[in-house]
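For reference, the structure is listed below as structure tokens.
The values are calculated or read from the model by the stated rules, or taken from the named source; none is laboratory data. Please read these numbers as outputs of a predicted model, since none were measured by experiment. As a convention, Cβ positions derive from the backbone with ideal geometry for all residues, glycine included, and neighbour counts pool all protein chains shown. We work out accessible area using only protein heavy atoms, side chains counted, and drop any ligands, DNA or RNA first. Shrake-Rupley method; radii C 1.70, N 1.55, O 1.52, S 1.80 Å.
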Amino acid sequence: MRAAGSDPVLAVRADTSFHAALLSASHNRFFIQPRRVIVPALVARGRHGRAHGHEDPVPAHVEVVRSVREGDVDGAYMAVLELLDLSLRDHP
């Protein structure tokens, strides 16, 4: 995601890849199925871009990855909640 920089197309690709990988990594068919809805929603949201002054979403995504890699269930849960809160603040 960091490599995308300010390129909105690369940012959307990175974001959708992140979320698709996270859903697939769950190995839970109930989480994997919404991928067909979540990915198009992320693409649609990405078309609008981020308004100036909004928080950088990369650190929140990094925290999710770190927690998952370390097997920190509570940390991953809290990181995902923070990511959702950030999304709501950026896209009310």
Work out from phi, with θ = phi - 60° and the Karplus expression 6.51 cos²θ - 1.76 cosθ + 1.60, the ³J(HN,Hα) of each residue of segment 62-79, listed in order in whole Hz, and give x for Gly and Pro. 4, 5, 4, 4, 4, 5, 5, 4, 7, x, 8, 4, 5, x, 5, 4, 5, 5
Local electrostatic count at residue 67 - Lys and Arg +1, Asp and Glu -1, tallied over other residues with Cβ under 15 Å: -3
Would you please give the FRET efficiency between residue 30 and residue 87, computed as 1/(1 + (r/R0)^6) with r the Cβ-Cβ distance and R0 = 22 Å, to the nearest 0.05? 0.60
Per residue, in Å², the accessible surface of the chain once ligands and nucleic acids are set aside, probe 1.4 Å: 71 Å²
Tilt, helix 8-25 to longest principal axis of the chain (alpha-carbon atoms), in degrees rounded to tens, equals 10 degrees
Accessible surface of the chain, 1.4 Å probe, proportion on carbon and sulfur as whole %: 61 percent
